[in-house]
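Notes follow the structure.
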Amino acid sequence: MPTPDLDQLCINTIRTLAMDAVQQANSGHPGTPMALAPVGYVLWQRHLRFDPDDPIWPDRDRFVLSVGHASMLLYALLHLAGVKAVNPKYETLGRLSVSLDDIKRFRQLDSRCPGHPEYRWTSGVETTTGPLGQGVATSVGMAIAGKWMAAHFNRPGFEMFTGRVFALCGDGDMMEGVSQEAASLAGHLKLDNLCWIYDSNRITIEGETSLAFSEDVGARFVADGWNVTRVADANDLAALDRAVDLGRRTRGRPTLIVVDSHIGYGAPHKQDTRAAHGEPLGEDEVRLAKRFYGWPEDARFLVPEGVREHFAAGIGARGARLRGEWMALCDAYQKEHPAQADALYRMQHRQLPEGWDDGIPTFPADAKGLAGRDASARVLNAVARNVPWLIGGSADLAPSTKTLLTFEGAGDFEAGSYGGRNFHFGIREHAMGAVLNGLSLSKVRPYGSGFLIFSDYGKPALRLAAVMEIPVIYVFTHDSIGVGEDGPTHQPVEQLVALRAVPGLVTIRPADANEVAEAWRVVLQLRHEPVALVLSRQPLPTLDRTKYASAAGVARGAYVLADAPGGDPEVMLLATGSEVALCVTAHEQLVKDGIRSRVVSMPSWEIFEHQPPEYRDAVLPPAVTARVSVEQASTLGWEHYIGSRGRAIGMRTFGASAPLGELQRKFGFEPEKVVAAARDVLGREAR
Ligand SMILES: Cc1ncc(C[n+]2csc(CCOP(=O)(O)OP(=O)(O)O)c2C)c(N)n1
Ligand SMILES: [Mg+2]
């Protein structure tokens, strides 16, 4: 039931809260929340299938604020709708997610209202946004997850998954390439549960968009297979209503609603200018805008009587009813489909099913060995049988990354076959990363794969997975100059150290097939960390684990693989991946020469750093300063482990195009070179 005065009162409350918070913080973006308050209001109050009392209810609509700089819009909505906080155990707490005090402390330390919306920190924030383009691209992953969940869980009489995904985006999102990759994929997949609302205000930071942007965005989306509609005035609530309804009724296409708006609406000197974008309006302008809204000019952080109540009667009552109906459905589902209900519960809590690691192979010693990617294919296919919601794919490289699920019933995820588990992201690494984030935020367990060199193409999304602490799995193959003939464009050098530098990202570079198996075992059990599994293209010898230590050491990040008889090493060889076997060969030579050497396999620095100091010192005794690291990658970072007396054998230039053997010679990855370096750091003459 439209209640015009109350509608306006609520909208102006959102506007003034945003203006006051930015003014108080003396930092932030007031203009876009002012302009989009009606859009946010109509969507939340009249449409969103969302219960403020339980913001993690699985079948909710999701709202993504891709214009993360307009964070105050979201905080005002979360506050006014009375969204409740949820703790890390997924329990709903009684208190508000965003209090008025949080809003007063916008952008201050520990406020639930940080500069940009942060997943995990503020309940009701569906994904971290701020880097433009990420939000919309992530929303595609959420819509994909919605389709997959519906295909997987819905049964006759049990529509368990019906939720839609809305994203609010701006000119910046539309300029960023990742949004186009994602839009192209969403159109191809016919994701009709997806709706983007594009705030076309023709303003960005430098000024008018005409400085750098002149295409017909709507036409672009039509070409992508979207349903495109337009609302000519962001203040026209009825038109917004109709557009959202149209999106809901549209089948077989996602919907783009282009909304023409006025940034800084109501601010007499700053409306429609870039000045409304990135700085506080100033006390005088705030007053004038409040006067324009018919607001008490001296009031700050005012929530007039009736506003919270109106939200409670709208989104609050509707959400409670819808969730209540769903919970009742869920109870019946549990009785009729107990196995599915159990799976659903585990997914929501990021738990694994019983027997998840059944059938993980162990690999017999084999000098010829197996490529990391091939070992991974076998392990992945074993665990994926046990974990039905482990789904993923590649950016058109599955035949090379070997991530295809090949067992009966795995199937392809495509428009019309939304239950498939093999995804084809197309050659869209960046969107793949964002889609993986959206999938993970929707609680499926996603993996994506590509060549390690192209991790750079998706890095911003990967970084956000780490910021959000979500367990996205990346399988990066073709991990070094071992790629050979493809040459320097395809040979990673600086990628490994870049991944290791991402806080919270677990990077693992296994040395042989059994380390690959152990790595997957570690990966599957991660609940809050993304992972980069870095694998070789070329075969690696499968080490004889009766002679050398068990690969179970992978779980500790680094472990003593081989010691001279009697232990007590005088020199240590540290390596990862393909260089471990090389070090083992060098080690055998050193031992033969009477030198007590130790080989430490270090598949994951990140995991190793989380071990207790006693363990780390046992693996790398501080007294042993003669150390050599060997890795076909940038040597940056190894000094931490080899110290000032150590020697790093690695890559200091780009690679070259040649057969692998020649490259190993050219760049010094040969047993004799490792032996010589070991003798050198020991201060022993070469023999
Ligand atoms: C990837 C990325 N590049 C640059 C920025 C910095 N930035 C923040 S907002 C903005 C302008 C955005 O313009 P628009 O999307 O039109 O938002 P409006 O000013 O209209 O709210 C820029 C360049 C960013 N957040 N993310
Ligand atoms: Mg703009």
> So if R0 is 41 Å, what FRET efficiency would R249 and E588 give, r being the distance between their Cβ atoms, rounded to the nearest 0.05?
Replying inline: 0.05
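Using only the Cα atoms of region 564-609, build the gyration tensor, take square roots of its eigenvalues as a ≥ b ≥ c, and label the shape rounded, prolate or oblate: rounded if a/c is under 1.5, else prolate if a/b is larger than b/c, else oblate. Intermediate values should be presented prior to the final figure.
Working: a/c = 3.63, a/b = 1.66, b/c = 2.19.
Because a/c hits 1.5 or more and a/b fails to exceed b/c, region 564-609 counts as oblate.
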>> In the chain, if the dipole is taken from +1 on Lys/Arg beta carbons and -1 on Asp/Glu beta carbons about the Cα centre, which of L240, Q525, Y90 is farthest to the positive end?
In response: Q525
> Using the Kyte-Doolittle scale, which helices in the chain average at least -1.0 and also have C-alpha atoms spread 24 Å or more along the helix axis, with helices defined as whole DSSP H runs?
Replying inline: 4-25, 134-153, 317-336
> Based on Cβ point charges of +1 for Lys and Arg and -1 for Asp and Glu, what charge dipole magnitude is obtained for the chain about its Cα centre, in debye rounded to the nearest 20?
Replying inline: 820
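Rounded if a/c is under 1.5, else prolate if a/b is larger than b/c, else oblate: which is the chain, with a ≥ b ≥ c the root eigenvalues of its Cα gyration tensor?
Numbers: a/c = 2.25, a/b = 1.88, b/c = 1.19.
Prolate shape, in that a/c is at least 1.5 and a/b is the bigger ratio.
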>> Give me the extension gain from R220 to E614: residue separation times 0.36 nm, minus the current Cα-Cα distance, reported in nm with one decimal.
In response: 135.9 nm
> Extension gain W121-D233, at 0.36 nm per residue separation less the Cα-Cα distance, in nm?
Replying inline: 37.0 nm
>> What does DSSP give for region 392-478 in terms of the percent of beta bridges that are antiparallel, rounded to the nearest 5?
In response: 10
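When DSSP beta bridges are limited to those with both residues in the chain, what percentage is antiparallel, rounded to the nearest 5?
Working: 13 of 68 bridges.
Around 20 percent of the beta bridges assigned by DSSP in the chain are antiparallel ones.
Tell me, in nm to one decimal, what length is gained between E639 and R684 on full extension, where the rule is 0.36 nm per residue of separation less the Cα-Cα distance? Walk me through the numbers before you get to the answer.
Values: separation 45, 0.36 × 45 = 16.20 nm, distance 2.14 nm.
Roughly 14.1 nm would be gained on extension.
Let me know the shape class of region 447-559, please: from the alpha-carbon gyration tensor, a ≥ b ≥ c as square roots of the eigenvalues, rounded when a/c is under 1.5, otherwise prolate if a/b is greater than b/c, or oblate. Don't jump to the answer; show the numbers that get you there.
Numbers: a/c = 2.27, a/b = 1.13, b/c = 2.01.
Oblate shape, in that a/c is at least 1.5 and b/c is the bigger or equal ratio.
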>> If you average the C-alpha positions of region 549-613 and of region 454-474 separately, how far apart do those two centres end up, in angstrom?
In response: 29
>> Tell me the net charge near A431. Cut-off is 14 Å between Cβ atoms, A431 excluded, with +1 for each Lys or Arg and -1 for each Asp or Glu.
In response: -4
> How far is it, in nm, from the label point at E208 to the one at E325 when both lie 7 Å from their Cα along the line to the Cβ?
Replying inline: 4.8
>> I want to check the label-to-label distance for T273 and K368. Put each point 7 Å from Cα in the C-beta direction and report it in nm to one decimal.
In response: 7.5
> Counting only protein chains, not ligands or nucleic acids, how are I642, I56 ordered by accessible area (probe 1.4 Å), most first?
Replying inline: I56, I642
> Taking the Cα-to-Cβ direction at Y345 and at D298 and moving 7 Å from each Cα, how far apart do the two end points lie in nm?
Replying inline: 5.8
> Can you give the calculated 222 nm mean residue ellipticity of the chain, where each DSSP H run of n ≥ 4 adds -39,500 (n - 2.57) and the sum is split over every residue, rounded to the nearest 500 deg cm²/dmol?
Replying inline: -12000 deg cm²/dmol
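The values are calculated or read from the model by the stated rules, or taken from the named source; none is laboratory data. Because the structure is a prediction, the values reported are computed rather than measured. Note that we place each Cβ from the backbone using ideal geometry, even for glycine, and neighbour counts take in every protein chain shown. Ligands, DNA and RNA are excluded from the accessible area calculation, which covers all protein heavy atoms including side chains. Shrake-Rupley method; radii C 1.70, N 1.55, O 1.52, S 1.80 Å.
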